[in-house]
Amino acid sequence: MQLDMHFYGTYALARAAGIHKEDAYTVAYAAQYVDDSTQQDSKQHEDGGLLYGIATSHKGGQCILNHHKDVHGAREEQRRVWVPFHFLPGAQGSDFEEQLLCRKNSKPAQEMMQNHLLIAPQKAYGLELLGIAAHVYMDTFSHFGFSGVSSSLNRIKDGSIEPLEVENPKMGDYIISKLGRFIKRFKAGSIVSFFAEETTGSLGHGAVATFPDRPYLKWSFEYEYPRENDAVHLPIEAEQIEVRDNKEHFFEGCDLLYNYFKTFAAEKYDEPDVIPFEELADSIKSIIAKEDDCDGRIDQWRSLTWNTAPVIEPDIRYNKSHWENQKYDFDDSEESKDNISSHVYKFHQAAAYHRYYILKDLLPAHGIAVY
Ligand SMILES: [Zn+2]
(Lines give C-alpha, C1' and ligand atoms only; values in the text may rest on other atoms or scores of the structure.)
Protein backbone atom coordinates (compact mmCIF):
# COMPACT_ATOMS: atom_id res chain seq x y z
CA MET A 1 0.00 0.00 0.00
CA GLN A 2 1.08 3.58 -0.46
CA LEU A 3 1.02 6.95 1.33
CA ASP A 4 -2.71 7.48 0.71
CA MET A 5 -3.64 4.40 2.74
CA HIS A 6 -0.72 4.07 5.14
CA PHE A 7 -0.88 7.65 6.43
CA TYR A 8 -4.16 9.33 5.42
CA GLY A 9 -6.37 6.25 5.53
CA THR A 10 -4.82 5.11 8.79
CA TYR A 11 -5.24 8.58 10.30
CA ALA A 12 -8.92 8.80 9.26
CA LEU A 13 -9.66 5.35 10.70
CA ALA A 14 -7.82 6.14 13.95
CA ARG A 15 -9.75 9.42 14.40
CA ALA A 16 -13.05 7.75 13.54
CA ALA A 17 -12.29 5.02 16.10
CA GLY A 18 -11.88 7.67 18.81
CA ILE A 19 -8.09 8.07 18.99
CA HIS A 20 -7.22 11.65 19.90
CA LYS A 21 -5.79 13.94 17.24
CA GLU A 22 -2.16 14.06 18.35
CA ASP A 23 -2.04 10.33 19.09
CA ALA A 24 -3.72 9.49 15.77
CA TYR A 25 -1.05 11.55 13.99
CA THR A 26 1.70 9.54 15.75
CA VAL A 27 0.06 6.21 14.89
CA ALA A 28 -0.48 7.14 11.22
CA TYR A 29 2.95 8.72 10.92
CA ALA A 30 4.61 5.54 12.23
CA ALA A 31 2.50 3.46 9.81
CA GLN A 32 3.85 5.42 6.84
CA TYR A 33 7.37 5.86 8.25
CA VAL A 34 7.82 2.07 8.00
CA ASP A 35 8.16 2.73 4.26
CA ASP A 36 10.35 5.82 4.70
CA SER A 37 12.82 4.65 7.32
CA THR A 38 15.14 3.32 4.65
CA GLN A 39 18.46 4.32 6.19
CA GLN A 40 20.41 1.96 8.34
CA ASP A 41 22.00 4.96 10.07
CA SER A 42 22.64 5.59 13.73
CA LYS A 43 23.53 8.84 15.47
CA GLN A 44 26.09 9.08 18.21
CA HIS A 45 26.04 11.77 20.92
CA GLU A 46 29.30 13.16 22.24
CA ASP A 47 28.42 11.77 25.68
CA GLY A 48 28.62 8.29 24.07
CA GLY A 49 24.88 7.70 23.74
CA LEU A 50 23.54 6.15 20.55
CA LEU A 51 20.32 6.34 18.57
CA TYR A 52 20.38 3.01 16.76
CA GLY A 53 18.33 3.39 13.58
CA ILE A 54 17.16 0.38 11.58
CA ALA A 55 15.87 0.26 8.03
CA THR A 56 12.28 -0.96 7.94
CA SER A 57 12.14 -0.74 4.15
CA HIS A 58 14.36 -0.44 1.10
CA LYS A 59 13.72 1.56 -2.02
CA GLY A 60 13.57 -0.53 -5.18
CA GLY A 61 16.52 -2.88 -5.48
CA GLN A 62 18.56 -0.98 -2.88
CA CYS A 63 18.99 -3.91 -0.53
CA ILE A 64 20.21 -6.03 -3.38
CA LEU A 65 22.56 -3.35 -4.72
CA ASN A 66 24.01 -2.82 -1.27
CA HIS A 67 24.77 -6.49 -1.04
CA HIS A 68 25.59 -7.17 -4.67
CA LYS A 69 28.51 -9.44 -3.85
CA ASP A 70 26.85 -11.16 -0.98
CA VAL A 71 23.82 -13.26 -1.72
CA HIS A 72 23.45 -14.18 1.92
CA GLY A 73 23.53 -10.48 2.84
CA ALA A 74 20.64 -9.76 0.49
CA ARG A 75 18.78 -12.79 1.74
CA GLU A 76 19.34 -11.71 5.32
CA GLU A 77 17.88 -8.28 4.56
CA GLN A 78 14.83 -9.96 3.05
CA ARG A 79 14.36 -11.87 6.27
CA ARG A 80 14.95 -8.85 8.53
CA VAL A 81 13.02 -6.26 6.54
CA TRP A 82 10.48 -7.63 4.08
CA VAL A 83 9.26 -10.55 6.20
CA PRO A 84 8.43 -8.77 9.50
CA PHE A 85 7.43 -5.36 8.11
CA HIS A 86 5.71 -5.97 4.73
CA PHE A 87 4.99 -9.64 4.01
CA LEU A 88 3.92 -11.18 7.30
CA PRO A 89 3.88 -14.95 6.71
CA GLY A 90 0.47 -16.58 6.83
CA ALA A 91 1.90 -19.81 8.30
CA GLN A 92 -0.31 -21.98 6.10
CA GLY A 93 0.67 -24.85 3.86
CA SER A 94 2.96 -27.79 4.09
CA ASP A 95 6.47 -26.51 3.44
CA PHE A 96 8.62 -23.56 4.47
CA GLU A 97 8.25 -21.51 1.28
CA GLU A 98 4.51 -21.94 1.30
CA GLN A 99 4.27 -21.02 4.98
CA LEU A 100 6.12 -17.78 4.26
CA LEU A 101 3.43 -16.61 1.84
CA CYS A 102 1.61 -13.61 3.22
CA ARG A 103 -2.10 -14.27 3.81
CA LYS A 104 -4.84 -11.72 4.23
CA ASN A 105 -5.85 -11.20 7.88
CA SER A 106 -3.96 -14.38 8.72
CA LYS A 107 -3.82 -15.99 12.13
CA PRO A 108 -0.33 -14.58 12.77
CA ALA A 109 -1.59 -11.12 11.68
CA GLN A 110 -4.45 -11.28 14.17
CA GLU A 111 -2.14 -12.52 16.92
CA MET A 112 0.26 -9.66 16.20
CA MET A 113 -2.55 -7.12 16.51
CA GLN A 114 -3.72 -8.64 19.80
CA ASN A 115 -0.19 -8.70 21.15
CA HIS A 116 0.62 -5.13 20.16
CA LEU A 117 -2.71 -3.86 21.53
CA LEU A 118 -1.76 -5.46 24.83
CA ILE A 119 1.83 -4.15 24.82
CA ALA A 120 1.15 -0.62 23.50
CA PRO A 121 -0.50 0.85 26.63
CA GLN A 122 2.44 -0.33 28.77
CA LYS A 123 5.16 1.28 26.67
CA ALA A 124 6.32 4.84 26.02
CA TYR A 125 6.62 3.79 22.36
CA GLY A 126 3.11 2.29 22.31
CA LEU A 127 1.64 4.64 19.69
CA GLU A 128 4.59 4.12 17.36
CA LEU A 129 4.19 0.36 17.86
CA LEU A 130 0.50 0.54 17.03
CA GLY A 131 1.39 2.43 13.83
CA ILE A 132 3.89 -0.23 12.78
CA ALA A 133 1.28 -2.91 13.48
CA ALA A 134 -1.24 -1.00 11.33
CA HIS A 135 1.23 -0.97 8.43
CA VAL A 136 2.03 -4.66 8.64
CA TYR A 137 -1.62 -5.63 9.13
CA MET A 138 -2.89 -3.56 6.18
CA ASP A 139 -0.12 -4.90 3.94
CA THR A 140 -1.62 -8.37 4.39
CA PHE A 141 -4.68 -7.09 2.47
CA SER A 142 -2.56 -6.19 -0.57
CA HIS A 143 0.52 -8.44 -0.42
CA PHE A 144 -1.26 -11.74 0.17
CA GLY A 145 -0.16 -14.55 -2.09
CA PHE A 146 3.47 -13.38 -2.11
CA SER A 147 6.33 -13.72 0.34
CA GLY A 148 9.15 -11.45 1.48
CA VAL A 149 11.92 -13.78 0.39
CA SER A 150 13.22 -14.94 -2.99
CA SER A 151 10.96 -17.83 -3.85
CA SER A 152 9.72 -19.50 -7.00
CA LEU A 153 6.21 -19.23 -5.54
CA ASN A 154 6.42 -15.45 -6.15
CA ARG A 155 6.81 -15.90 -9.87
CA ILE A 156 4.00 -15.11 -12.28
CA LYS A 157 3.65 -16.20 -15.90
CA ASP A 158 5.26 -13.86 -18.42
CA GLY A 159 2.83 -11.25 -19.72
CA SER A 160 -0.07 -12.61 -17.68
CA ILE A 161 -0.66 -9.49 -15.61
CA GLU A 162 -3.58 -7.41 -16.81
CA PRO A 163 -5.63 -4.50 -15.44
CA LEU A 164 -9.40 -5.08 -15.71
CA GLU A 165 -12.29 -2.63 -15.82
CA VAL A 166 -10.24 0.57 -15.60
CA GLU A 167 -12.81 3.24 -16.54
CA ASN A 168 -10.51 6.19 -17.10
CA PRO A 169 -8.45 5.43 -20.24
CA LYS A 170 -5.68 7.80 -19.13
CA MET A 171 -5.36 5.86 -15.89
CA GLY A 172 -5.23 2.58 -17.84
CA ASP A 173 -2.33 3.91 -19.96
CA TYR A 174 -0.60 5.25 -16.85
CA ILE A 175 -0.76 1.87 -15.10
CA ILE A 176 0.56 0.03 -18.14
CA SER A 177 3.42 2.50 -18.65
CA LYS A 178 4.36 2.21 -14.95
CA LEU A 179 4.44 -1.56 -15.30
CA GLY A 180 6.67 -1.27 -18.37
CA ARG A 181 9.05 1.14 -16.60
CA PHE A 182 9.19 -1.08 -13.55
CA ILE A 183 10.23 -4.08 -15.57
CA LYS A 184 12.73 -2.04 -17.65
CA ARG A 185 14.25 -0.42 -14.59
CA PHE A 186 15.31 -3.76 -13.23
CA LYS A 187 16.22 -5.35 -16.53
CA ALA A 188 18.55 -2.43 -17.45
CA GLY A 189 22.26 -3.16 -17.35
CA SER A 190 23.01 -1.60 -13.95
CA ILE A 191 22.03 -4.73 -12.10
CA VAL A 192 23.30 -8.07 -13.25
CA SER A 193 20.60 -10.34 -14.60
CA PHE A 194 20.67 -12.67 -11.64
CA PHE A 195 19.59 -9.87 -9.33
CA ALA A 196 17.14 -8.48 -11.87
CA GLU A 197 15.46 -11.86 -11.77
CA GLU A 198 15.58 -11.80 -8.00
CA THR A 199 13.92 -8.40 -7.88
CA THR A 200 11.28 -8.56 -10.59
CA GLY A 201 10.58 -12.24 -10.56
CA SER A 202 10.73 -13.86 -7.25
CA LEU A 203 11.02 -11.39 -4.36
CA GLY A 204 7.78 -10.19 -2.80
CA HIS A 205 5.30 -8.85 -5.32
CA GLY A 206 8.10 -7.61 -7.61
CA ALA A 207 6.67 -9.69 -10.39
CA VAL A 208 3.35 -7.84 -10.27
CA ALA A 209 4.89 -4.38 -9.76
CA THR A 210 2.61 -1.96 -7.88
CA PHE A 211 -0.65 -3.59 -8.94
CA PRO A 212 -1.47 -4.93 -5.45
CA ASP A 213 -0.93 -1.45 -3.93
CA ARG A 214 -3.40 0.50 -6.07
CA PRO A 215 -6.65 0.50 -4.08
CA TYR A 216 -9.06 0.98 -7.03
CA LEU A 217 -7.56 -1.68 -9.27
CA LYS A 218 -9.17 -4.88 -10.43
CA TRP A 219 -6.59 -7.00 -12.18
CA SER A 220 -5.67 -10.54 -13.09
CA PHE A 221 -2.53 -12.61 -13.36
CA GLU A 222 -1.32 -16.16 -13.36
CA TYR A 223 1.09 -17.62 -10.87
CA GLU A 224 3.76 -19.77 -12.42
CA TYR A 225 2.98 -22.26 -9.66
CA PRO A 226 -0.76 -22.10 -8.94
CA ARG A 227 -1.95 -22.39 -5.36
CA GLU A 228 -5.28 -22.28 -3.56
CA ASN A 229 -7.09 -19.75 -1.38
CA ASP A 230 -5.40 -16.57 -2.60
CA ALA A 231 -7.95 -14.98 -4.86
CA VAL A 232 -11.15 -15.53 -6.73
CA HIS A 233 -10.76 -18.01 -9.55
CA LEU A 234 -12.27 -17.27 -12.93
CA PRO A 235 -14.62 -19.97 -14.24
CA ILE A 236 -12.47 -20.47 -17.35
CA GLU A 237 -9.14 -22.16 -16.65
CA ALA A 238 -10.22 -22.14 -13.06
CA GLU A 239 -6.91 -23.24 -11.59
CA GLN A 240 -4.85 -20.66 -13.43
CA ILE A 241 -6.13 -17.10 -13.61
CA GLU A 242 -6.27 -15.13 -10.40
CA VAL A 243 -8.62 -12.16 -10.33
CA ARG A 244 -8.12 -9.54 -7.64
CA ASP A 245 -10.40 -6.67 -6.91
CA ASN A 246 -8.20 -4.59 -4.62
CA LYS A 247 -11.20 -2.45 -3.62
CA GLU A 248 -12.80 -5.31 -1.73
CA HIS A 249 -9.62 -6.24 0.12
CA PHE A 250 -8.68 -2.65 1.02
CA PHE A 251 -12.17 -2.01 2.34
CA GLU A 252 -12.16 -5.17 4.41
CA GLY A 253 -8.79 -4.11 5.86
CA CYS A 254 -10.14 -0.65 6.75
CA ASP A 255 -13.12 -2.15 8.55
CA LEU A 256 -11.00 -4.54 10.61
CA LEU A 257 -8.26 -1.99 11.39
CA TYR A 258 -10.92 0.46 12.58
CA ASN A 259 -12.12 -2.15 15.07
CA TYR A 260 -8.63 -2.70 16.47
CA PHE A 261 -8.22 1.06 16.84
CA LYS A 262 -11.60 1.25 18.57
CA THR A 263 -10.49 -1.34 21.13
CA PHE A 264 -7.33 0.68 21.75
CA ALA A 265 -9.25 3.97 22.13
CA ALA A 266 -11.81 2.43 24.48
CA GLU A 267 -9.00 1.39 26.85
CA LYS A 268 -6.97 4.57 26.60
CA TYR A 269 -9.52 7.38 26.82
CA ASP A 270 -12.60 8.11 28.90
CA GLU A 271 -15.56 8.21 26.53
CA PRO A 272 -13.74 8.47 23.19
CA ASP A 273 -15.51 10.33 20.36
CA VAL A 274 -16.35 7.51 18.00
CA ILE A 275 -17.79 7.78 14.50
CA PRO A 276 -19.59 4.49 13.72
CA PHE A 277 -17.83 2.74 10.82
CA GLU A 278 -21.17 2.09 9.06
CA GLU A 279 -21.66 5.82 8.72
CA LEU A 280 -18.38 6.23 6.86
CA ALA A 281 -18.49 2.94 4.96
CA ASP A 282 -20.02 4.28 1.71
CA SER A 283 -17.63 7.25 1.60
CA ILE A 284 -14.63 5.00 2.28
CA LYS A 285 -15.76 2.65 -0.50
CA SER A 286 -15.87 5.52 -2.98
CA ILE A 287 -12.48 6.89 -1.83
CA ILE A 288 -10.94 3.46 -2.40
CA ALA A 289 -12.64 3.10 -5.79
CA LYS A 290 -11.38 6.44 -7.10
CA GLU A 291 -9.06 5.89 -10.09
CA ASP A 292 -6.36 8.42 -9.48
CA ASP A 293 -2.66 8.83 -8.75
CA CYS A 294 -1.44 8.87 -5.15
CA ASP A 295 -1.87 12.67 -4.72
CA GLY A 296 -5.39 12.49 -6.07
CA ARG A 297 -6.21 9.63 -3.71
CA ILE A 298 -4.81 11.61 -0.77
CA ASP A 299 -7.16 14.50 -1.68
CA GLN A 300 -10.01 12.00 -1.55
CA TRP A 301 -9.15 10.97 2.01
CA ARG A 302 -8.71 14.61 3.02
CA SER A 303 -12.19 15.44 1.78
CA LEU A 304 -13.86 12.73 3.91
CA THR A 305 -16.40 14.39 6.20
CA TRP A 306 -18.76 13.36 8.94
CA ASN A 307 -21.57 15.66 10.08
CA THR A 308 -20.02 18.27 7.77
CA ALA A 309 -16.70 18.25 9.68
CA PRO A 310 -13.56 16.89 8.02
CA VAL A 311 -12.40 13.59 9.57
CA ILE A 312 -8.78 14.56 8.74
CA GLU A 313 -8.23 18.08 10.10
CA PRO A 314 -6.87 20.50 7.47
CA ASP A 315 -3.53 20.97 9.29
CA ILE A 316 -2.76 17.23 9.21
CA ARG A 317 -0.21 16.37 6.54
CA TYR A 318 2.55 13.83 6.22
CA ASN A 319 6.04 15.25 5.94
CA LYS A 320 8.69 12.60 5.49
CA SER A 321 11.45 14.73 7.05
CA HIS A 322 9.59 15.43 10.30
CA TRP A 323 10.83 12.37 12.18
CA GLU A 324 13.87 11.81 9.99
CA ASN A 325 15.18 15.25 11.01
CA GLN A 326 14.73 14.43 14.69
CA LYS A 327 17.78 12.20 14.26
CA TYR A 328 19.88 15.30 13.77
CA ASP A 329 18.65 16.77 17.07
CA PHE A 330 20.16 13.77 18.80
CA ASP A 331 23.71 15.08 18.95
CA ASP A 332 22.59 18.73 19.31
CA SER A 333 20.96 18.18 22.68
CA GLU A 334 22.77 18.55 25.99
CA GLU A 335 22.59 14.87 26.88
CA SER A 336 21.71 11.85 24.74
CA LYS A 337 18.97 10.85 27.21
CA ASP A 338 17.04 14.03 26.33
CA ASN A 339 16.10 12.37 23.04
CA ILE A 340 14.57 9.20 24.40
CA SER A 341 11.20 10.97 24.26
CA SER A 342 11.52 11.91 20.56
CA HIS A 343 9.27 10.15 18.07
CA VAL A 344 12.16 8.90 15.98
CA TYR A 345 13.82 7.30 19.01
CA LYS A 346 10.52 5.70 20.00
CA PHE A 347 9.88 4.53 16.43
CA HIS A 348 13.17 2.65 16.45
CA GLN A 349 12.40 1.19 19.87
CA ALA A 350 9.07 -0.01 18.51
CA ALA A 351 10.60 -1.30 15.24
CA ALA A 352 13.25 -3.30 17.13
CA TYR A 353 10.61 -4.73 19.47
CA HIS A 354 8.31 -5.58 16.53
CA ARG A 355 11.08 -7.29 14.57
CA TYR A 356 12.11 -9.35 17.58
CA TYR A 357 8.49 -10.27 18.30
CA ILE A 358 7.72 -11.40 14.73
CA LEU A 359 10.96 -13.21 13.92
CA LYS A 360 11.87 -14.68 17.28
CA ASP A 361 8.53 -15.15 18.99
CA LEU A 362 5.44 -15.23 16.75
CA LEU A 363 6.83 -17.11 13.71
CA PRO A 364 8.73 -19.80 15.64
CA ALA A 365 5.52 -20.43 17.60
CA HIS A 366 3.94 -21.23 14.21
CA GLY A 367 6.80 -23.55 13.30
CA ILE A 368 8.61 -21.03 11.09
CA ALA A 369 12.33 -20.51 11.65
CA VAL A 370 13.04 -17.70 9.21
CA TYR A 371 15.63 -15.78 11.22
ZN1 LIG B 1 4.71 -2.23 3.39
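Amide H of Lys157 versus every other amide H placed in the peptide plane: which residues, excluding those fewer than 5 positions away on the same chain, fall under 5 Å? Residues meeting the amide H criterion: Glu222, Tyr223, Glu224. For the chain, the dipole from Cβ point charges (+1 on Lys and Arg, -1 on Asp and Glu) about the Cα centre works out to 660 debye, to the nearest 20. When peptides 139-145, 6-12 are ranked by their average number of other Cβ atoms within 10 Å per residue, the highest-first order is 6-12, 139-145.
Rounded to the nearest 10 square angstrom, Glu279 shows an accessible area of 110 square angstrom against a 1.4 Å probe. Counting pairs of Cα atoms in region 328-368, how many percent are more than 14 Å apart? Here the long-distance tail beyond 14 Å is 58 percent of all Cα pairs in region 328-368. Size descriptors for the chain, from the alpha-carbon set: Rg then Dmax equal 20.3, 68 Å. Between His348, Phe264, Phe96, the Cα set farthest toward the positive side of the dipole of region 3-365 (charges on each charged residue's Cβ, about the Cα centre) is that of Phe96. Per-residue accessible area (protein heavy atoms, 1.4 Å probe) orders Ser152, Ser202 as Ser152, Ser202, starting from the largest. The lysine pair tally for region 90-180, using Cα distances under 25 Å and a gap of 8 or more places or different chains, is 4. Note: relative contact order over the chain, using C-alpha pairs below 8 Å and six or more positions apart, is 25 percent.
Work out the charge dipole of region 3-365 with +1 on the Cβ of Lys and Arg and -1 on the Cβ of Asp and Glu about the Cα centre, then indicate which of Ser160, Gly126, Gly172 is farthest towards its positive end. Looking along the dipole axis, the top candidate is Ser160.
Taken as Cα centroids, region 250-322 and region 117-175 sit 18 Å apart, rounded to the nearest whole angstrom.
Per-residue surface analysis assigns Asp23 an accessible area of about 30 Å², computed on protein heavy atoms at 1.4 Å probe radius. Straight-line reach from Lys290: taking Cα to Cα under 17 Å and skipping same-chain neighbours fewer than 8 places apart, the aspartates and glutamates in range are Asp4, Glu165, Glu167, Asp173, Asp213, Asp245, Glu248, Glu252, Asp282, Asp299.
The values are calculated or read from the model by the stated rules, or taken from the named source; none is laboratory data. The model shown is predicted, which means the values in this text are computed figures rather than measured ones. Backbone-built Cβ (ideal geometry, glycine too); neighbour counts: all protein chains shown. Just so you know, the surface numbers come from the protein's heavy atoms only, side chains and all, with ligands and any DNA or RNA stripped out. Shrake-Rupley method; radii C 1.70, N 1.55, O 1.52, S 1.80 Å.
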